[in-house]
Amino acid sequence: MDKEPFYTPGLRFSCTRCSSCCRKESGFVFLSENDLSRLATELHMDYTGFIETWCHWVPFDRGRERLSLREKANYDCIFWKDGCTVYHARPVQCRSFPFWYSVICSQEAWDAAARGCPGINTGELHSREEIADWLRQLEEELIIERELPRFA
Ligand code: SF4
């Protein structure tokens with residue numbers, strides 16, 4: 001029989017808006033179709049203009065690349081300025097943190113994430129069902145991909 005996940009009693013997390021997951025370290029914020037739609041609407045842009053202005057394509061796997069938000073030269077997210085400037089339209093990757101598989105896969109991974117995030121293990125209690133919903137949503141919201149352009 002499968003062991004119950006360590007988060008069966010739920011996990012505490014409330015974002016303190018410290019922005020440590022938005023800044024200072026290089027990383028990718030990948031976008032799904034829903035993310036693109038929400039962000040483009042928020043900024044009154046069409047998809048092409050939004051992608052050209054705020055995104056870049058990141059080589060991913062087997063000749064494909066994924067759409068990610070750009071970052072600044074200091075590695076801050078392109079939308080960070082004294083906090084997230086698109087907070088209510090932020091991508092699912094940001095909204096679902098810390099309920100990512102890589103963070104809730106074990107107690108050790110959760111504890112490691114807690115060392116870099118003051119919101120983990122404080123505040124609101126999130127049930128096992130809620131955590132499972134985030135995992136499902138992350139799996140279902142497919143990241144936008146395209147084939148790598150070929151050069152002659
Ligand atoms: S979109 Fe907002 S919440 Fe997400 S990494 Fe950028 S600044 Fe942070």
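Listing for the model above:
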| quantity | calculated |
| --- | --- |
| Residues with amide H under 5 Å from that of S32, placed H, sequence gap 5 or more | V92, I144 |
| Gain upon complete extension [R70, R115; 0.36 nm per residue less C-alpha separation] | 13.6 nm |
| Between helix 128-140 and the chain: long-axis angle, C-alpha atoms, 0 to 90°, nearest 10 | 20 |
| Alpha-carbon centroids, region 92-139 and region 12-82: separation in whole Å | 19 |
| Loop-located GluC sites (Glu not before Pro) in region 1-66 whose Cβ has at most 13 other Cβ within 10 Å (DSSP) | E25 |
| Positive-end residue, the chain charge dipole about Cα centroid, Cβ charges, pick of F13, V92, L69 | L69 |
| Calculated [θ] (222 nm, deg cm²/dmol) that DSSP helices of n ≥ 4 give over the chain, each run adding -39,500 (n - 2.57) | -8000 deg cm²/dmol |
| Computed accessible area, R17, all protein chains, 1.4 angstrom probe, square angstrom | 150 |
| Heavy-atom accessible surface of region 1-121: percent carbon and sulfur, 1.4 Å | 52 |
| Per residue value of the accessible surface for the chain (all protein chains in place, 1.4 Å probe), Å² | 65 |
| Computed accessible area, I104, all protein chains, 1.4 angstrom probe, square angstrom | 10 |
| The chain, relative contact order [Cα under 8 Å, separation at least 6], % | 41 |
| Under Karplus coefficients 6.51, -1.76 and 1.60, residue-wise ³J(HN,Hα) of region 102-111 in Hz, glycine/proline x | 5, 9, 9, 5, 7, 4, 5, 5, 5, 5 |
| Rounded accessible area of T53 (nearest 10 Å², 1.4 Å probe) | 70 |
| Residues of type lysines that K24 reaches as a straight line, Cα spacing below 21 Å, ignoring anything fewer than 8 places off in the same chain | K72, K81 |
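The values are calculated or read from the model by the stated rules, or taken from the named source; none is laboratory data. Fair warning: this is a prediction, and the values are worked out from it, not measured in the lab. Positions of Cβ are backbone-derived with ideal geometry, glycine not excepted, and every protein chain shown enters the neighbour counts. Note: accessible area is taken over every heavy atom of the protein model, side chains too, but ligands, DNA and RNA are not part of it. Shrake-Rupley method; radii C 1.70, N 1.55, O 1.52, S 1.80 Å.
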